[in-house]
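Below is one structure; the comments refer to it alone.
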Amino acid sequence: MTDVVALPDAQAAAAHLADQVASRLADARRGGKAFHVALAGGDTPRRAYELLGEMEGAWDHVHLWLGDERCVPRHHPQSNARMIDESLLAHARAQAPRMHPVDGEALPEDAAWLYARELEGLVPDGALDMIVLGVGDDGHIGSLFPHHTLLEARHAPCVAIHDSPKPPPRRVTLTLPWLRAARHTVLLAAGEAKRDALGRALGQPDPATPASLLGDGLDQVICDAAADPADGATP
C-alpha cells in the first residue's frame, strides 16, 4: 500500500523528500554500498534537490540517473540535467555525485540505446535503489503519457519518444518495468493543479493515468495540502 505524506506547503514537501533521499544515501554509505537514484525533472523537485545538496556531505558512492530527459543540449533551459546541475550539484557541499546524463544531442533512439546499455552495465539486478517521480496534470510520469504505445514497452530499460504531447516532442524515458522494479519509488506533487491527477494515480490502474500503472511499485507519495486528494473531491 502506498504511503501518502501530506504536508502544509510545497516547501515542507520538498524538505521531506530531501530528508527521505538523504536517509537512504546515508544507509547505503554506512553499508559500504553504491546508491543508484533516478531523479525527476521539471520545476516541482528543484527545491528538494537544492536542500539535498546542502544537507548531504558525502557523494562518492552515489550515482544520479534521469527518469526522463528532453532531447536538447545540456545547456538548454528545458534540459532536466541542467536543472539538476543548477539545483543539487550547484548546492553540493562536497565533491559532487556521479551524474549519468542522457545524450540529448544524439538521435533519440541512439540516446536511449546508449543509456540502456549504461543502466544495464552499472545498476545491479536492473533495480535502481530509488526513483523520484513527479506527476503531470494529465497523470503522466517521466515521459510516459496517457494511452501512449510506450506504456506497453517491456524489454528495454528506457526508450525514445518522438511525439510527446508536451514540448519538446523528442525525449528519452525509463520504461514502466524499470520504474516498478526500483527498491523505493516516491512521487512528489505540489499545487492544486495536481490534486485530481494524484487522486487518479492512487486509484485503479488505468492507461489514461500512467502514474496509476505503478501499482504496488509506488511506495510513497509526498504532497502539499493543495495537491492532497484527501482534501478535495477526488474519488
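General observations
- Selection of the stretch 117-152 for residues being over 24 Å from residue 212 (Cα atoms), outside any loop (DSSP other than H, G, I, E, B) and either touching a strand residue (DSSP E or B) at 6+ places or on another chain (Cβ under 9 Å) or at pLDDT below 95 (or both) yields 118, 119, 122, 124, 125.
- Sole residue being without any contact (Cβ under 8 Å) to a residue 60 or more places away in the chain, not acidic (Asp, Glu) and not in a helix (DSSP H, G or I), chosen from 57, 41, 53: 57
- Matching residues, the stretch 93-111, being modelled with pLDDT of 95 or more and charged (D, E, K, R): 103, 105, 109, 110
- The stretch 178-235, subset of a type in the set (Val, Ile, Thr) and modelled with pLDDT of 95 or more, residue nearest to residue 2 (Cα to Cα): 221
- Residue count for the stretch 28-44 satisfying the condition of being more than 17 Å from residue 173 (Cα to Cα) and in contact with a Leu (Cβ under 9 Å, 6 or more places away or on another chain): 3.
- Consider the stretch 60-73 and keep the residues that are crowded, with 17+ Cβ neighbours inside 10 Å and assigned to a loop (DSSP other than H, G, I, E, B). The one that is farthest from the chain's Cα centre (by Cα) is 72.
- Condition check for residue 47: out of contact with any helix residue (DSSP H, G or I) (no Cβ under 6 Å at 6 or more places or on another chain), in a helix (DSSP H, G or I) and under 25 Å from residue 140 (Cα atoms): no
Conditions tested, residue by residue: (1) without any contact (Cβ under 8 Å) to a residue 60 or more places away in the chain; (2) under 26 Å from residue 24 (Cα atoms); (3) surrounded by 18 or more Cβ atoms within 10 Å (Cβ to Cβ).
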site: 141; (1), (2), (3): no, yes, yes
site: 154; (1), (2), (3): yes, no, no
site: 159; (1), (2), (3): yes, no, yes
site: 163; (1), (2), (3): yes, no, no
site: 166; (1), (2), (3): yes, no, no
site: 182; (1), (2), (3): no, yes, yes
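- Selected residue (only one of 20, 11, 78 is in a helix (DSSP H, G or I), closer than 30 Å to residue 156 by Cβ, in contact with a strand residue (DSSP E or B) (Cβ under 9 Å, 6 or more places away or on another chain) and not small (Gly, Ala, Ser)): 20
- Selected residue (only one of 103, 27 is more than 20 Å from residue 188 (Cα to Cα), over 14 Å from the mean Cα position of the chain (by Cα) and not in a loop (DSSP other than H, G, I, E, B)): 27
- Cβ-Cβ contacts under 7 Å between residues 6 or more apart (or on different chains), taken from a first residue in the stretch 112-136 that is aromatic (Phe, Trp, Tyr) to a second residue that is surrounded by 21 or more Cβ atoms within 10 Å (Cβ to Cβ), are listed as 115/102; 115/158; 115/172.
The values are calculated or read from the model by the stated rules, or taken from the named source; none is laboratory data. Just so it is clear, the structure is predicted and the values come from calculations on it, not from any experiment. Neighbour counts are summed over all protein chains in view; Cβ atoms, including those assigned to glycine, are modelled from backbone coordinates with ideal geometry.
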